[in-house]
Amino acid sequence: MTVVPPANIAEHMTTELDGRSSSVFFVLSGPGGTGKSTLIRRWLKADPDIGYVKNVTTRNRRPPDPTSGVNDDDFFDFVSRARFRELVETDQLAQWVNPQKGYYSGTPRQPLLDAIEQRRDLLFDYTPQLYLNLQRAFPEQVVGVFVAPPSMEVLRDRLAGRSSEHGDKLQLKFNMGVQDLSYVDMHHYHVTNHDLEETLETLRSILRAEKQRLGRLPELRALYESVKDRRQMLFYYDPAGSRIADI
C-alpha cells in the first residue's frame, strides 16, 4: 500500500526537521567569588565554538589568581575614564555600570550584534546589575543563571583567600555579594557551585536545552506554521456525555 501524504505535507516530505537556533547570550550572574570566571575559562577551553566578549573597564588590573589561574587580561580591556566616557557618549556600549566610585565597566555593543547575525552563542561573567542591563538591551537572547556559593560563609572565605581585596575593599566586596542576593528571582535558573566540573556540566545542559526552545528556531517554527491544518481542533467538552457512545 502506498501512503499518500496530505497536500499540505507532500512538498515537505524530505524536509529535515532540524532547526538552526538563534544566538543565546548565556550570563553567569552572581556575587564575586562564586567561581564564575573559572567556570567560563574552562567552558571556553572545552568548547571553542562558544564566544566571549571582554568588558571594558577603568579599574586597575588585578594580579592573576594563583589558585584558579584566572587572569584579568582574559576578561577585560582596560581603558582610561576619558576613553570610557567616549564609548558611552557615542553609544558603543550595550550596557555599563558604575559599581564603585571611580570604577566603570561596560560591554561593547558591536560584537553582540555580530554574534546575533552569525547565530553564535556568547558567555558572560556578570553581577546581577550587569545581567539585568544586558537583558534589557537584548531580551530575546539573554538567559540568566544565578551562580551561588554553597553558603555565605564559603563566599566570605573565598573572597578572603583571593589576593585582590583586603581590609575595607574586602568588606565592600562581601557586602556587594550580599546585595546581589536580592535579585536572584530575576534570573531564569539557579545553580549552586559545589564542584566546578559538576556545575559546568549543569550549565552546559541548560544551554543545550535553551537551544531547543521553539522560540529560538525561527525557520523550523515557520515550517510548522506553513503545514498547520487550521481545521484541526482539540476537543475537551462533552456535556452530553455522547462522545464515547458515538465511537
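Name every residue in the range 230-247 that is surrounded by 10 or more Cβ atoms within 10 Å (Cβ to Cβ) and of a type in the set (D, E), in order of residue number.
Result: D238, single match.
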When only residues in the range 47-60 that are open to solvent by 60 Å² or more (accessible area, probe 1.4 Å) and over 19 Å from Q95 (Cβ atoms) count, which is modelled with the lowest pLDDT?
-> N60
Of residues in the range 188-225 being free of Cβ contacts under 8 Å to residues at least 40 places away in the same chain and of a type in the set (S, T, Y), the one surrounded by the fewest Cβ atoms within 10 Å (Cβ to Cβ) = S205
Residue that is surrounded by the most Cβ atoms within 10 Å (Cβ to Cβ) [pool: residues in the range 118-162 that are in contact (Cβ under 8 Å) with a residue 40 or more places away in the chain and among the charged types (D, E, K, R)] | D125
Test F174 against the stated conditions and say whether it is in contact with a Gly (Cβ under 7 Å, 6 or more places away or on another chain) and either open to solvent by 100 Å² or more (accessible area, probe 1.4 Å) or among the hydrophobic types (A, V, I, L, M, F, W, C) (or both).
-> no
Looking only at the range 1-34, and only at residues there that are touching a strand residue (DSSP E or B) at 6+ places or on another chain (Cβ under 9 Å), not in a loop (DSSP other than H, G, I, E, B) and not hydroxyl-bearing (S, T, Y), the one that is surrounded by the most Cβ atoms within 10 Å (Cβ to Cβ) | V27
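The values are calculated or read from the model by the stated rules, or taken from the named source; none is laboratory data. This one's a predicted model, so the numbers in the text were calculated from it and none came from an experiment. Glycine gets a Cβ as well: all are built from the backbone with ideal geometry, and neighbour counts include every protein chain shown. Side chains are part of the model used for accessible areas, which takes the heavy atoms of the whole protein and leaves out ligands, DNA and RNA. Shrake-Rupley method; radii C 1.70, N 1.55, O 1.52, S 1.80 Å.
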